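To keep things clear, I will list the structure first and then write my remarks on it.
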């Protein structure tokens with residue numbers, strides 16, 4: 001069992017989507033509700049923040065120093081050098097109450113992200129989308145309430161995807177070349193528990209690390225879905241995790257202060273902070289979005 005330490009008292013309403021940039025030795029992450037992209041420079045300790053024009057659910061690495069981002073109004077490129085967003089495509093122009101949430105780039109360079117209704121995510125109006133390098137997208141799944149836990153096994157044969165409201169993480173057989181999923185089955189069922197599945201990552205050994213919203217922890221699962229060990233945090237709402245650091249043995253963890261009462265916030269002064277935990281386990285570098293440029 002590990003414990004995470006707060007490395008930035010960010011006070012994020014809904015911190016999410018940590019992504020490690022190995023070239024700059026920087027960690028990017030977002031605050032969905034406050035419409036921010038954040039960056040922490042591990043070399044200097046400096047922080048920087050960019051405003052977004054609407055809620056931003058996820059980011060991934062892109063070429064030429066850019067990021068790819070999923071916002072309420074679709075997929076965008078984001079350029080940290082000037083703070084400019086460039087729209088790629090909006091997969092749901094007919095659903096303005098929906099926004100993109102969790103998202104990751106697969107090892108063929110495609111961006112995957114799920115949409116959700118916000119507010120009122122109880123209605124299953126969300127979907128899982130796949131965006132390729134030409135800007136074409138496809139709806140892969142629908143009937144989703146809060147999409148999360150997107151990750152792939154190191155051998156690219158398994159894709160993970162969860163619905164936080166359902167309390168379930170599913171596993172699928174994954175065809176990397178075609179970008180297709182088949183054979184849906186339950187990987188972890190947390191329905192009925194206080195902690196619900198949120199963002200996830202996979203380590204070099206093929207174990208899934210999943211942040212538990214409402215559970216105060218990140219849990220490591222074996223490739224067959226069994227509990228292995230956990231990282232404890234001093235806050236309730238743990239949202240996402242990503243490996244980084246010089247040798248990818250640091251687990252960075254985002255958290256949320258949203259929906260906590262005044263008394264809970266007083267007891268959890270680090271809620272919404274950015275945390276880190278040094279492990280004796282290594283993760284994998286995140287792929288870059290393979291744009292056509």
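The values are calculated or read from the model by the stated rules, or taken from the named source; none is laboratory data. Source: prediction; values computed, not measured. Here the Cβ is made from the backbone with ideal geometry for all residues, glycine too, and neighbour counts use every protein chain on show.
Per-structure values
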| quantity | calculated |
| --- | --- |
| Qualifying position, being in contact with a helix residue (DSSP H, G or I) (Cβ under 7 Å, 6 or more places away or on another chain), touching a residue at least 40 places away in the same chain (Cβ under 8 Å), surrounded by 15 or more Cβ atoms within 10 Å (Cβ to Cβ) and over 17 Å from residue 19 (Cβ atoms), among 256, 271 | 271 |
| Unmet requirement for residue 162, which otherwise passes all of (1) touching a residue at least 40 places away in the same chain (Cβ under 8 Å); (2) more than 26 Å from residue 125 (Cβ to Cβ) | (2) |
| Flag if residue 10 is within 18 Å of the chain's Cα centre (by Cα), outside any strand (DSSP E or B) and at pLDDT 95 or above | yes |
| Residue satisfying all of: in the range 145-167; over 23 Å from residue 204 (Cα atoms) and part of a strand (DSSP E or B); nearest to the chain's Cα centre (by Cα) among these | 147 |
| Identity of the residue in the range 13-28, surrounded by 19 or more Cβ atoms within 10 Å (Cβ to Cβ) and farther than 15 Å from residue 240 by Cα, that ends up farthest from the chain's Cα centre (by Cα) | 26 |
| Matching residues, the range 29-78, being at pLDDT below 95, buried (at least 17 other Cβ atoms within 10 Å of the Cβ) and farther than 15 Å from residue 18 by Cα | none |
| Selection from the range 190-206 of residues that are touching a residue at least 60 places away in the same chain (Cβ under 8 Å) and farther than 14 Å from residue 165 by Cα | 201, 202, 203, 204, 205 |
| The range 66-80, subset free of Cβ contacts under 8 Å to residues at least 60 places away in the same chain and part of a strand (DSSP E or B), residue farthest from residue 29 (Cα to Cα) | 74 |
| Test: residue in the range 193-202 that is modelled with pLDDT of 95 or more, under 20 Å from the mean Cα position of the chain (by Cα) and in a loop (DSSP other than H, G, I, E, B) | yes |
| Exclusive hit being in a strand (DSSP E or B), farther than 23 Å from residue 124 by Cα and touching a residue at least 12 places away in the same chain (Cβ under 8 Å), set 187, 174 | 174 |
| Single match in 231, 219 (criterion: modelled with pLDDT of 95 or more and either under 24 Å from residue 105 (Cα atoms) or not in a strand (DSSP E or B) (or both)) | 219 |
| Residue 285 vs. criteria at pLDDT 95 or above, surrounded by fewer than 19 Cβ atoms within 10 Å (Cβ to Cβ) and under 18 Å from residue 59 (Cα atoms) | yes |
| Single unsatisfied condition, residue 181 versus (1) farther than 21 Å from residue 248 by Cα; (2) touching a strand residue (DSSP E or B) at 6+ places or on another chain (Cβ under 9 Å); (3) part of a loop (DSSP other than H, G, I, E, B) | (3) |
| Matching option when the condition is farther than 14 Å from residue 289 by Cβ and without any contact (Cβ under 8 Å) to a residue 12 or more places away in the chain, among 44, 54 | 44 |
| Count of residues meeting criterion [in contact with a strand residue (DSSP E or B) (Cβ under 9 Å, 6 or more places away or on another chain) and farther than 12 Å from residue 101 by Cβ] in the range 152-168 | 11 |
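Yes/no matrix, rows are residues, columns are (1) over 19 Å from residue 187 (Cα atoms); (2) touching a residue at least 40 places away in the same chain (Cβ under 8 Å):
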site	(1), (2)
119	yes, no
123	yes, no
135	yes, yes
146	no, yes
152	no, yes
156	no, yes
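Yes or no, residue by residue, for (1) buried (at least 19 other Cβ atoms within 10 Å of the Cβ); (2) at pLDDT 95 or above; (3) in contact with a strand residue (DSSP E or B) (Cβ under 7 Å, 6 or more places away or on another chain); (4) part of a strand (DSSP E or B):
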{"site": "91", "(1), (2), (3), (4)": "yes, yes, yes, no"}
{"site": "96", "(1), (2), (3), (4)": "no, yes, no, no"}
{"site": "101", "(1), (2), (3), (4)": "yes, yes, yes, yes"}
{"site": "112", "(1), (2), (3), (4)": "yes, yes, yes, yes"}
{"site": "138", "(1), (2), (3), (4)": "no, yes, yes, yes"}
{"site": "142", "(1), (2), (3), (4)": "no, yes, yes, yes"}
